[in-house]
Amino acid sequence: MTRLLLSSLSLGLCLATFIGSTSPSALAQPAGHVFAGLDGTWSGSGNVRFSDGKSEKISCRAYYNPKGAGTELGLAIRCASVSYKIEIRARLQNENGRLTGHWEERTFNASGEVTGKATAGKISMDIAGGGLTGSMSVSTNGSRQAVSISTEGSSLKGVTIALSRG
């Protein structure tokens, strides 16, 4: 009887932990949804590199809002250091793993187009517009995420960020 009670409690605790750690929208998304693991708020830190060779530590928050059963993704990444601020927003469309969309960086009032590809756990994008070109990748593994941004045509050369959910 005690073993059965402990097994039931363990199963209940596992289910409660799973349900409590998974957002309702992630539970409702299809298993093949390439944006399923992104939904919600992420935070962490990283480095920003400048064309003069200097770098600074940054603190960041990222927000992802998948819609349309994996066909759309809204994202916002906000980072700040002692002397620098980055605020990137994008609205992406996914058609069979091919991404298109629009991005903007609000601090420098730059915007442009996005093209790229998406698979489960990885988004790779090329950006162009506002006098610059670059790339951005977002790799997700469970509750951890790595974001890498590189640019040409501005004093900002690159950003690397390690994020965790929450």
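Some notes on this structure:
- Filtered residues of region 136-159 (kept if crowded, with 16+ Cβ neighbours inside 10 Å and either within 15 Å of Arg49 (Cβ to Cβ) or modelled with pLDDT under 90 (or both)): Met136, Val147, Ile149, Ser150, Thr151, Ser154, Leu156, Lys157, Gly158, Val159
- Against the numbered list (1) crowded, with 18+ Cβ neighbours inside 10 Å; (2) within 17 Å of His33 (Cβ to Cβ), Gly121 comes up short only at (1).
- Restricting attention to region 73-100, the residues that are touching a residue at least 24 places away in the same chain (Cβ under 8 Å), part of a strand (DSSP E or B) and not aliphatic (A, V, I, L, M) add up to 3.
The values are calculated or read from the model by the stated rules, or taken from the named source; none is laboratory data. Note that the structure is a prediction, hence the values are computed from the model and not measured. Counting neighbours? That spans all protein chains shown, and the Cβs are built from the backbone with ideal geometry, glycine included.
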